[in-house]
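To start, the structure under review is shown below, and the notes come after it.
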Amino acid sequence: MDGHDKIYLQNLRVDCLVGVDAWERPKHQPLIISVVVASDIAGSVATVGDNLSSKHTVSYSEVLHTVRNFVSKNSYRTLEALAMAIAHEIFIVCGVRQLKQDAGLTVKIEKPKAMLYAESIGIEITRTWQELEELDGLLQSRKLEGSSPLPTLLEPYDHTIGQDAIYIRKLALSAIVGINPWERLHKQRLDFDITIHLHLVTSFILVDRTPNVFNFRTMVKKISNYIEGTTFRTLEALVESVANILLQDCDAPKVWIKISKPSAVTFADTAGVEITRERGREPAQKRQRLISGDEKTEHTVYLALGSNLGDRAKNISYGLDSLCKNSSTTRLLDTSFLYETKAMYVTDQPNFLNAACKISTTLSPLDLLKKIKEIEAAAGRDFTTIRNGPRPLDMDIIFYDSLEMKTDVLEIPHKLMHEREFVLRPLCDIAPTFAHPTRFQTISNLLSLLLHTEPPTTSTSTSTTTPSHPKMGQVTPFPTRTDASIWTWHTQTRIMGILNVTPDSFSDGGLFTGVEAALAQARLMVQSGADVIDVGGQSTRPGAETVSEDVEVSRVVPVIKALREGLGSDVLISVDTFRARVAREAVCAGADFINDVTGGEFDPEMGSVMAEMKVPVCIMHMRGDPKTMQSMTKYENDDVVTEVRNVLTRHVQKLIAKGVYRWNIIVDPGIGFAKTGAQNFTLLRKLDEITAPGTALARFPVLVGPSRKGFLKAGAANKQDPKERVWATAAACSASVMGGAGIIRVHDVKEMKDVIATSDFLYRSGKE
């Protein structure tokens, strides 16, 4: 509006329901509104003299009443839509149609205290009368034709620099920054003022939406998460990095950033730097590639997976293999834990298994959907049945990068995900901080909000039932058995019976080396209450010699075959080995579970075998080998818990990268392996910290193996014979249950069965 006279209304304070408050609640909030209207003051005076009857100008009093009346009667989700609506209302009500078409108005809306760490956020839009005339035409046609559909990126999105702006004022963050030694000791307060110059697209404003990249909360979260972990020496480097985040990650076409350091100079209010940076038109081209597909561009996609017919776990595995295995277009990056869930919406059908996965693909959204539908059909899904009914395989696209799109066959993000715990909880396992592109909440926030709201009404095929969120249980399937072979975690502690078929194990070496003796002992343990039999052919006691691969195979494979034949198909069998060949042959012989004391580190092929076999696996923390491990008990800061958690986290990440499903992984802190007696007791005492909420190992099931081990001598009158440490083992087992262990590995199954069952009643929600 340069070159025009102006009538302005500055800092009108109103109360309006727009968006959410600092705590993300839909509440009435204070707004500060300013309006500048282009005018022809000289023409007005020349025409009518000293009064307001001229068509060349407008009364600021009329603008005031128009704005105040409009905001009192309307509510909006976004400041962008409110600003545009106010501009349109002034255009209609205040009689400005007669003014010059290249003139217009500016509306600025500031929202104080809208965010916890910022003084205010705001928006400023500028529109010519011609643009507002076109907007009025769109609104009129929309009234005649009904609401317009959700804009998709098939429509070009204008990421050019325009006269509009969104801004954040005095965002207060803390970081280490400075070149002096004393500045490197403590974090200092930094105040950020940020303005993004852009042209807001009318189609998004009409449906009261803001693209995620320009959402205030998204930008603040990105900047905050980045800043709080930095240690820059200069503000210059810091401000450039923040500009890069906004230009690259948020696709901002032009940014102005000022960083102030209030404590920098004693006799000045503040010191700081400010910059202005621009970028080209690449974002618009990038968004078009998201829709059309690009064989060279990889996209990150999140899928929801489900099955409630047939062998559910195998169906889900089939879906993942069909999509990703040996594919030139799609790679599996991560999987969630697996959950068993009662059906939602239509409730008279079998329970579902639900999960989520993260993939990388070069397929376009529609091509990916086509591929998924082909896989579902091949798995036996009948698309003619009732909606939300039973199905052997269900694969839904939840997110595709940060894309927003809607066609007749596909909507991204998935429109109902926010009301489905069976989608949100698995997503939280792999993407808790991912921000929903249109709801502007992280996945963890959406889950938290869902669990504190009334669920949607559910129904059977004939009647409506009381609304309820279906109860979810975290499970691990055993695909070598039937669909019924599923363990639910966090409700019952499982017992793993130890069957060493070695001549030199520390407690029972030489007792069960023959097949008949091993079978008899296994049968006794099953009768005593063992949930799984762990067969080991290589002693891992301190100082043990390593046997050859052939010897280990000859020890365990015949025994596993005999157990499978003699105990039936319902008994679960584990193989205790750190060799890939032994693990593969054991599973082929009938084992259901791989237990590797080296965490998959000894044999470089073990991760691939674990992924190929698709059975549950346990990975343990240890250092060195049986001969050297007891000389490797020094931990940084004497913090054995953090060391164990960090090492196991790296093991888990390596296995997931190899294709092992997250729901198949169990972790073991390695009691007795490269730990002193005191460190073993510390691990038992702080067992729950290893998989505590908020850590990388949160929700992973834990196996603990304290049975008869040497550290228990401290509380067992220094008993040298391991067989005499039964009661000390009982105390360790009870402590393990209290710490959240999902499996306890023991020699004395009969005695520990009662101990563990009683501990379950004490520390878990057992049935009385």
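Would you mind checking the pairs K187/K261; K370/K658; K113/K170 and listing those with alpha carbons more than 22 angstrom apart? Pairs exceeding the cut-off: K370/K658. Under 1.5 on a/c is rounded, so check that first for segment 295-465, then, if it is not, pick prolate when a/b is larger than b/c and oblate when it is not; a ≥ b ≥ c are the square roots of the alpha carbon gyration tensor eigenvalues. The shape class here is oblate.
Taking other Cβ atoms within 10 Å as a rough exposure proxy, H621, H88, H28, H186 sort from fewest to most as H186, H28, H88, H621.
As a proxy for reagent exposure, W256, W489, W129 were ordered by neighbouring Cβ count within 10 angstrom, fewest first; the result is W256, W129, W489.
For R745, nonlocal amide neighbours, meaning residues 5 or more places apart or on other chains whose placed amide H falls under 5 Å from its own, are M496, V704, G705. Kindly identify segment 628-768 as rounded, prolate or oblate by the Cα gyration tensor criterion: order the square roots of the eigenvalues as a ≥ b ≥ c, call it rounded if a/c is under 1.5, otherwise compare a/b with b/c, prolate if a/b is larger, else oblate. It is oblate, given that a/c is not under 1.5 and a/b is not larger than b/c.
Throughout, read-outs are computed from the coordinates displayed, never taken from laboratory work. Everything numeric here is computed off the predicted structure, so don't read it as measured data. All Cβ positions, even for glycine, are placed from backbone atoms using ideal geometry, and neighbour counts span all protein chains on display.
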